[in-house]
Amino acid sequence: MKKKPSKNKMWGGRFTSKPSNLLQKVNSSIHFDYKLFEEDIEASIAHATMLAECKIISKKDSISIIAGLKKINNKFKKGNFKLNPELEDIHMNIEAQLQKEIGDPAKRLHTARSRNDQVATDLKLYVRKRNDQLIKEISNLQYALSKKAKAGYNILMPGFTHMQTAQPITFGHHLLAYVEMLSRDKSRFIDCNKRLNDNPLGSGALSGTSFPINRKITTKSLGFNKPMQNSLDAVSSRDFVLETISSITICSIHLSRLAEEIVMWMSSGFNFISLPDNLTTGSSIMPQKKNPDLAELIRGKTGRLISSFINMSIVMKGLPLAYSKDLQEDKEPTFDAIENIQLCLQSMTAMITSLKANKENMELAAASQFSTATDLADWLVQNLNIPFRTAHEITGKIVKMCVDENITLEQMDIEKLKKIDKRINKEIYKALNIRNSVERKISEGGTSPKNVLKQASQWIKRLENGK
Ligand code: ARG
């Protein structure tokens, strides 16, 4: 007798042969979607409970299904669950295992459900949970930055525009700029989770179901706000992924800017900060080297994080309603982006917590390059009532004289200054002092140590209160 060809157990009914090796290789997603394991079990338990409550399956079957799913969950956690690529994905792996565990009742679990609404639900649960973790990671980094800002509220450093020394600022002020950026990043993740939190489960393959399901039950047990209102939208939309990855992208750009600054600040030209040995690396050939690899990797990973967003955007564009298998390609960029931004946030927190500011070098640099020229112009305006544009011109000439004589503004002879305007007196030198300069920047959001101390303390308090 001819041997019957082995077919897929889950959908082999209308097939005469099993998938080719090539198809199996391309089609199988188990090697990455196993990460949805917990969520798949959670959603299946909610579904089985609802089916019984709506009398679509018996209470007895539902109890058996739930017990089986819990058993599988334990097995997986202990590493005793063998994933089978022939069963394509995590959903079919779990369902097949359930049949092994409990037999026939397992065949009722997939009533009024499709893998399409199942996978959308699992992924939402996963992204929601991971977004919550990212929100915490961002808070941790904000806290580390705020603490360092408080410690450095009175350390002076050069502020730059065009990467040229511009005006003196405080180190604390510089760090708090990132706390502000991160707070907007955090609000984006919070916002993602608000919009994400509607339930796709119960949408079936695409059109809903003829079974008398109650979607409010699964909505409640899975912690969603309400059932999604259009089954086509529910199974085929991934804007919650796009939104999350776009928030990750923006956050990673912020981290990359800070990483770039850490690399610069650590370089011998700057020597503004140092990092401990356990967060830096050596060179295999140059024994003297201490490299900021962690910062460089944060900067480098931004490439793949931005690409995840582009990747997902391209997968989604031009995809007709409703589900197409293209959507299976949503998972790898999602997992990769979430895992890597988490690593970046943790790495940055470790670096910020342990970096040491080299106060002397920072303050030396802050006082160089005529960094208080704007203060000089402001002094002329504030004390001699000279229009700012004229004061700018005068100051420019003074700077030019200093450049020619190779001296600092403070070294400029008072008599020479008086020749420019006889009303100029020795008080002008006070305006040139970098400490005076920052202490006068008391405008809202300005760099004065007083402002910075206040803001750093407020942030610390806010973050300690979980906000
Ligand atoms: N592994 C699939 C995915 O990730 C599950 C959904 C499969 N649905 C289907 N109609 N083949 O999207």
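Sorting check: for 460-466, 51-57, which peptide has the highest mean count of neighbouring beta carbons within 10 Å, and how do the rest follow?
The most tightly packed comes first, giving 51-57, 460-466.
Quick one: check the C-alpha center-to-center distance for the stretch 401-456 versus the stretch 45-86, whole angstrom.
A separation of 73 Å, based on Cα centres.
How do 233-240, 11-18, 80-87 rank on mean C-beta neighbours within 10 Å, highest first?
Ranked by mean Cβ neighbours within 10 Å, highest first: 233-240, 80-87, 11-18.
Would you mind checking Lys18/Lys82; Lys129/Lys461; Lys124/Lys220; Lys290/Lys359; Lys55/Lys226 for any pair whose Cα atoms are more than 24 angstrom apart?
Lys129/Lys461
Could you compute the FRET efficiency for Thr111 and Arg304, with r as their C-beta to C-beta distance and R0 at 35 Å, rounded to 0.05?
0.30
Assuming R0 = 56 Å, can you tell me the calculated FRET efficiency for the pair Glu329 and Lys60, based on Cβ-Cβ distance, to the nearest 0.05?
Rounded to the nearest 0.05, the efficiency is 0.90.
No lab work stands behind these numbers, since they all come straight from the coordinates. Keep in mind that what you see is a predicted model, and the values were worked out from it rather than measured. Glycine gets a Cβ as well: all are built from the backbone with ideal geometry, and neighbour counts include every protein chain shown.
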